[in-house]
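Each remark here refers to the structure printed beneath this line.
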Amino acid sequence: MKLKHITCFFIVMLLSALSFCACGKPSQEDSKDGATPLPVSGTPTPSEKPTYTIIPLSSGDAVPIAACSYDLLHTVVTIQLYDTVDYDILNGCFALIDRYEKLLSRTIEGSELYNLNHAEGTSFTVSDETRDCIELSLYYSVLSKGALDVSIAPISSLWDFASASHSSVVPSADEIEAALPLVDYTSVHLDGNTVTFDRPGMQLELGAVAKGFIADRVKAYLLENGVKSAIINLGGNVLLIGEKPDGSAFHVGVQKPFENRDSVVVAISELKDVSMVSSGIYERYFYDEDGNFYHHILDSKNGYPCKNNLLQVTIVSKESAVGDALSTACFALGLEEGLKLINSLEDVYAVFITSDGKLHFSDGYLETFPTEIE
């Protein structure tokens with residue numbers, strides 16, 4: 001079915017990065033216009049004074065109320081609440097995201113994960129929240145047989161996909177060769193809150209799970225505060241809470257790879273209380289000086305970007321952390337093995353887009369979700 005005049009509300013999926021997505025921030029002028037922080041009384045606060053700016057997208061007492069921030073998770077974070085006008089609750093979501101970023105970011109100096117990765121010795125004790133995220137990452141490392149490898153940080157830290165001009169330098173073969181022996185999820189052990197590595201120099205990368213993990217925690221916070229209808233969008237990790245107050249479902253569009261963010265390749269309707277997460281090669285990539293293309297989803301076995309003719313994998317699941325982990329794992333596994341993994345799981349669905357533009361749906365996807373295809 002062709003997508004022609006689609007008038008329903010669409011959330012266009014952006015890709016879920018292996019690490020926190022490095023989308024461009026607005027200019028100084030953009031970040032200041034209308035950038036009035038919302039009230040923070042009665043909401044969870046990060047351990048330090050907030051450094052992020054919240055831009056209200058709505059005002060008054062009409063729903064939905066919405067706001068976004070360009071300063072969290074290195075991406076655009078947008079939250080819409082459909083059944084409340086309590087801005088304290090809305091702001092509390094951003095404070096919670098800020099708090100988790102300061103725990104789970106690999107690159108923020110002083111974060112708990114940064115301190116773990118730079119600690120002397122091979123053991124480090126973490127908070128309950130960081131433990132839970134590591135535990136999830138280890139689970140999906142095992143489930144995917146290392147296609148997603150929580151210990152890939154020594155390799156991922158060698159690559160720079162953050163350039164807005166999509167140009168960078170490929171790590172040397174010697175650098176990659178030296179780092180590969182440190183990548184082995186089976187050499188990471190979690191005993192209570194203590195993380196132990198079998199070898200000095202090992203480090204963790206939680207980016208394949210972190211945004212989904214945080215989205216699920218924001219959802220829990222909203223439910224605890226009586227919100228039953230909302231959209232959480234962490235740079236393309238979209239988590240829907242319930243349905244619209246009038247009982248209608250949400251409609252979600254999946255972005256066409258290498259097109260603008262309003263270009264939809266798959267439109268899915270009748271979505272309620274689910275998560276959608278995409279991993280693809282079209283947001284974080286660069287060309288070297290010889291014009292060779294490199295994307296950010298790395299093969300843990302050789303340290304280079306995966307080569308498997310996939311452009312994108314989108315996962316529909318109940319929990320965002322599940323979709324986040326599986327979108328990366330299934331991309332790394334490739335079409336055949338990725339579909340096999342999804343089809344072995346309950347209540348998880350996927351659509352794979354291959355380099356020839358074809359869509360490949362997991363078992364039950366089209367029967368479960370009313371879908372329009374461009």
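Laboratory data are not the source of any read-out in this text; all were calculated from the coordinates shown. All of these numbers come straight from a predicted model, not from anything done at the bench. Cβ coordinates were reconstructed from backbone atoms using ideal geometry, including for glycine residues, and neighbour counts include every protein chain displayed.
Here are some notes:
- The trypsin sites (Lys or Arg not before Pro) of the range 231-317 meeting both criteria, a DSSP state outside H, G, I, E and B (loop) and at most 15 other C-beta atoms within 10 angstrom of the site's C-beta, are ARG261, LYS272, LYS301, LYS307.
- Between the range 302-344 and the range 183-231, the alpha-carbon center distance in angstrom: 18 Å
- Scaled against 2.2 N^0.38 Å for its residue count N, the alpha carbon radius of gyration of the range 273-374 is 1.10.
- The range 70-85 and the range 349-374 have Cα centres separated by 28 Å.
- Packing-based order for 147-156, 60-69, using average beta carbon neighbours within 10 Å, highest first: 147-156, 60-69
- Sparsely packed GluC sites (Glu not before Pro) within the range 95-168, loop by DSSP, other Cβ within 10 Å at most 14: GLU109, GLU120
- Calculated from backbone phi, Karplus (6.51, -1.76, 1.60) coupling profile of the range 323-337 in Hz, x at Gly/Pro: x, 4, 5, 6, 5, 6, 4, 5, 4, 5, 6, x, 4, 5, 6
- Karplus-derived 3J(HN,Hα) values for the range 274-280, using 6.51 cos²θ - 1.76 cosθ + 1.60 with θ = phi - 60°, are 9, 10, 10, 9, 10, 10, x Hz; glycine and proline are entered as x.
- Out-of-range pairs (alpha-carbon distance over 21 Å; input LYS244/LYS318; LYS272/LYS358; LYS102/LYS228; LYS211/LYS301; LYS228/LYS272; LYS307/LYS358): LYS272/LYS358; LYS102/LYS228; LYS211/LYS301
- GLU177 paired with ASP61, simple spin-label distance in nm, labels 7 Å along Cα-to-beta-carbon: 7.1 nm
- Dividing the Cα radius of gyration of the range 208-326 by 2.2 N^0.38 Å, with N the residue count, gives 1.21.
- Centre-to-centre separation between the Cα atoms of the range 160-178 and those of the range 269-301: 16 Å.
- Structural size metrics of the range 93-234, computed from C-alpha coordinates, are Rg and Dmax of 16.4, 54 Å.
- Between amide H atoms placed 1.01 Å from N, distances below 5 Å from VAL76 occur with GLY235, all of them 5 or more places distant or on a separate chain.
- Each residue of the range 158-171 was assigned a 3J(HN,Hα) from its phi angle through the Karplus curve 6.51 cos²θ - 1.76 cosθ + 1.60 (θ = phi - 60°); the sequence is 7, 9, 10, 10, 8, 5, 5, 8, 6, 10, 6, 10, 6, x Hz, with glycine and proline shown as x.
- Amide H to amide H, with H built 1.01 Å from N, ALA350 comes under 5 Å of VAL316, SER362, counting only residues 5 or more places away or on other chains.
- Percent breakdown of C-alpha pair distances by 5 Å bin, ordered from the shortest bin, for the range 110-172: 4, 14, 17, 21, 19, 15, 8, 3
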